[in-house]
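A short worksheet on the structure shown next.
The values are calculated or read from the model by the stated rules, or taken from the named source; none is laboratory data. Computed from a predicted structure; not experimentally measured. For neighbour counting, all protein chains shown are included, and Cβ atoms are generated from backbone atoms with ideal geometry for every residue, glycine included. To get the accessible areas, we keep the full protein, side chains included, count just its heavy atoms, and leave off ligands, DNA and RNA. Shrake-Rupley method; radii C 1.70, N 1.55, O 1.52, S 1.80 Å.
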Amino acid sequence: MPNYSIKIINPTEYHNWDDEILKLDSYSFFHSSEWCKVLSETYKYTPTYFCILKANRLSSIIPAMEVKSRITGKRLVSLPFSDFCEPLFSSIDESEILKDSIFSYCKKNNFRYAEFRTSETKFPYETEHFRTDLRHILDISVDEIELQKHFSENTKRNIKTAIKEGLNIKELNTYQGIDIFYKLQCITRRKHGLPPQPKSFFENIYRFIISKNKGHILFGYLKNKPVAALMFFTIGNKVLYKFGASQTDNFPRGANHYLMWEAIKKYNNAGYKEFDFGRTETNHEGLRRFKLGFGSDERIIYSTRFDIQTDSFIQPESKTTGTHNKIIKRLPISILKLIGETFYKHMG
């Protein structure tokens, strides 16, 4: 394959990175320089994006971050805290070149493993060891009437119920909005038995994404009190639903259905084509039904891990479920914030 070069690139230092990735198939917000900035600024991970360039143009990309932890060791992850991150390849030959480059880099730097999360097909292709999650995508290039035709009866009913109960929708893309969202997020994470991400993570989302009009927060208010919120990111003609949060009490039935429908309408009217509901773990059947209820298409996310020491593939494990959930649900939010601030950087 003549006339090409392999480079490790930091997207935050590469001119017109976002414009370049829009020219490649299967791009997502997780490939953006803005998401790279959030991860690297919050957790001090080192951006290590393996790229093939032809005529000074990006031809293939495998985004990755170096995670260096005294607790969990050194490893390469594509990408931490990301639902998925499809390698962007122009050819099979280029995918093999970058795979070999990554493995050589990891061996040279004594990394424990390299981990990948893909949704088109598993990568590396030859692995037989992987964990599966789900991803749901909705085509929003049609009009609102056509979109509603594919809603489940339960979805339609819940939207009507939330409207009847007086839920008001507000968009608040300000630092105040981030503050309100974070408070709701802390409540939601404890309900699921997990610590919240650090406050600095959401502050950086505001700094690099929302303040640049590349992300939005929709809130559901009941009697002037915020009871639910959804956060979205945009790139090209695609929308990604990334985070949701809500109160555990005074939560009207159908609030999330109504918020999601308002978001779909917002982005449909703005001319976006693809609405991505993000990752769902296979054991979260209720969340899966919620996303399918909007008429979305279901795909599989493959998580694969290559162990550098044994030179073999192993199956990654989910870190979100276990005996720790029951303990965390009983802890005060102040303690959970401290846990999140202390340990998330080691968990990427």
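Which one of the conditions (1) touching an Asp or Glu at 6+ places or on another chain (Cβ under 6 Å); (2) closer than 22 Å to Pro198 by Cα; (3) modelled with pLDDT under 95 does Arg70 fail to meet, given that it meets all the rest?
Only one criterion in (1) touching an Asp or Glu at 6+ places or on another chain (Cβ under 6 Å); (2) closer than 22 Å to Pro198 by Cα; (3) modelled with pLDDT under 95 is unmet by Arg70, namely (1).
Kindly list the number of the only condition in (1) in contact (Cβ under 8 Å) with a residue 12 or more places away in the chain; (2) open to solvent by 10 Å² or more (accessible area, probe 1.4 Å); (3) out of contact with any Leu (no Cβ under 9 Å at 6 or more places or on another chain) that fails for Gly244.
The single condition Gly244 does not satisfy is (3).
Mind listing just one residue for me: the one in the stretch 281-310 that is farther than 30 Å from Ser104 by Cβ and among the polar types (S, T, N, Q) and, of those, surrounded by the fewest Cβ atoms within 10 Å (Cβ to Cβ)?
Top of the filtered list is Asn283.
Which is part of a loop (DSSP other than H, G, I, E, B) and either over 22 Å from Asn158 (Cβ atoms) or in contact (Cβ under 8 Å) with a residue 40 or more places away in the chain (or both), of Tyr267, Tyr302, Tyr272?
Result: Tyr272 is the single residue among Tyr267, Tyr302, Tyr272 that is part of a loop (DSSP other than H, G, I, E, B) and either over 22 Å from Asn158 (Cβ atoms) or in contact (Cβ under 8 Å) with a residue 40 or more places away in the chain (or both).
Can you name every residue in the stretch 137-183 that is among the small types (Gly, Ala, Ser) and touching a Gly at 6+ places or on another chain (Cβ under 6 Å)?
Ser152, Ala162
Step by step: first the residues of the stretch 305-337, then only those that are assigned to a helix (DSSP H, G or I) and without any contact (Cβ under 8 Å) to a residue 40 or more places away in the chain, then the one that is farthest from Asp100 (Cα to Cα). Which residue is that?
Ser334
Contact list please: Cβ distance under 7 Å, first residue in the stretch 30-54 and at pLDDT 95 or above, second residue open to solvent by less than 20 Å² (accessible area, probe 1.4 Å) and acidic (Asp, Glu), pairs at least six apart or on different chains.
Tyr45/Glu66; Thr46/Glu66; Thr48/Glu66; Ile52/Glu94
Filter the stretch 118-147 for residues that are exposed (fewer than 14 other Cβ atoms within 10 Å of the Cβ) and under 19 Å from the mean Cα position of the chain (by Cα); which is nearest to Ala270 (Cα to Cα)?
Top of the filtered list is Thr121.
Count, please, the residues in the stretch 185-224 that happen to be open to solvent by less than 60 Å² (accessible area, probe 1.4 Å), at negative phi and not in a helix (DSSP H, G or I).
Residues in the stretch 185-224 being open to solvent by less than 60 Å² (accessible area, probe 1.4 Å), at negative phi and not in a helix (DSSP H, G or I): 14 in total.
Please verify whether Arg157 is touching a residue at least 40 places away in the same chain (Cβ under 8 Å), open to solvent by 70 Å² or more (accessible area, probe 1.4 Å) and either in contact with a Lys or Arg (Cβ under 9 Å, 6 or more places away or on another chain) or not in a loop (DSSP other than H, G, I, E, B) (or both), treating the condition exactly as stated.
When the stated conditions are applied, Arg157 passes them.
Could you please find all residues in the stretch 247-264 being open to solvent by less than 30 Å² (accessible area, probe 1.4 Å) and in a loop (DSSP other than H, G, I, E, B)?
Pro252, Gly254 - these are the residues of the stretch 247-264 that are open to solvent by less than 30 Å² (accessible area, probe 1.4 Å) and in a loop (DSSP other than H, G, I, E, B).
Report every pair of residues separated by at least 6 positions or lying on different chains whose Cβ atoms are under 6 Å apart, first residue within the stretch 205-229 and over 11 Å from Leu259 (Cα atoms), second among the aliphatic types (A, V, I, L, M) and surrounded by fewer than 21 Cβ atoms within 10 Å (Cβ to Cβ).
Partner pairs satisfying both residue conditions: Pro226/Ile180.
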